[in-house]
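**Student:** One structure follows; several queries about it will come next.
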Amino acid sequence: MSKFVAVVFDLTSVHSLVSCGKWLKEALKVNPQSPLIFLVGNKMDLLSQASLAEMDRMASRTAARLEAEYWPVSALTGENVTEMFRRMAALAFSRLLCSEMNNRQQPISIGTIDISRKQSTKDLRKKNNCTNCNI
């Protein structure tokens, strides 16, 4: 299963933004494992500053409703694309790391020494019948 879902819409089309909820619902039918959700607005290079600001406001509201992280990007110029993929990778890695830590049942050990228990050097020497060791 996927670790994230990216719902991509056209920043020059309010209609495509309105469709994002439906598209996300479809994606979650085949990926029910609580993926990270990204709302990605493409073609930011085609909008004026004022138009982009207005679409950003609408997209941010939609992202909040969808529980998604919003990213405006430009596939043409590459603006925000690398940063968005780095963010996706970082969040997926963080989630994986947390999952691994939560699933860890046994203490970490090196050889036969349990490092989750604190043993004194004296106890180790006594256990190994070694009085001249440097452990």
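**Student:** Which order results if T62, T82 are arranged by neighbouring Cβ count within 10 Å, fewest first?
**Tutor:** Values: T62 20, T82 10.
Least to most surrounded, the residues fall as T82, T62.
**Student:** Would you list L91, L24 from fewest to most Cβ contacts within 10 Å?
**Tutor:** Fewest-to-most ranking of L91, L24: L91, L24.
**Student:** May I pose another question? Excluding same-chain residues fewer than 8 positions from K22, which aspartates and glutamates have a Cα within less than 16 Å of its Cα?
**Tutor:** Filter leaves D10, E67.
**Student:** Another question, if that's okay. If we count other beta carbons within 10 Å of each Cβ, what is the order of M88, M55, fewest first?
**Tutor:** M88, M55
**Student:** To continue, here is another question. What number, in percent, do you get for the relative contact order of the stretch 1-106 if the mean sequence gap of Cα pairs under 8 Å and at least 6 apart is divided by its residue count? Write out the running numbers ahead of the final one.
**Tutor:** Details: 120 pairs, mean separation 28.8, N = 106.
Taking the mean separation of contacting Cα pairs over the length of the stretch 1-106, I get 27 percent.
**Student:** Report the net charge of residues surrounding K3, where surrounding means a beta-carbon distance below 13 angstrom and charges are Lys +1, Arg +1, Asp -1, Glu -1.
**Tutor:** In short, +2.
Every number in this text was worked out from the coordinates using simple rules, so none of it is lab data. Owing to the predicted nature of the structure, the values given are computational and were not obtained by experimental measurement. A quick note on method: Cβ atoms are made from the backbone with ideal geometry, for glycine too, and the neighbour counts reach across all protein chains shown.
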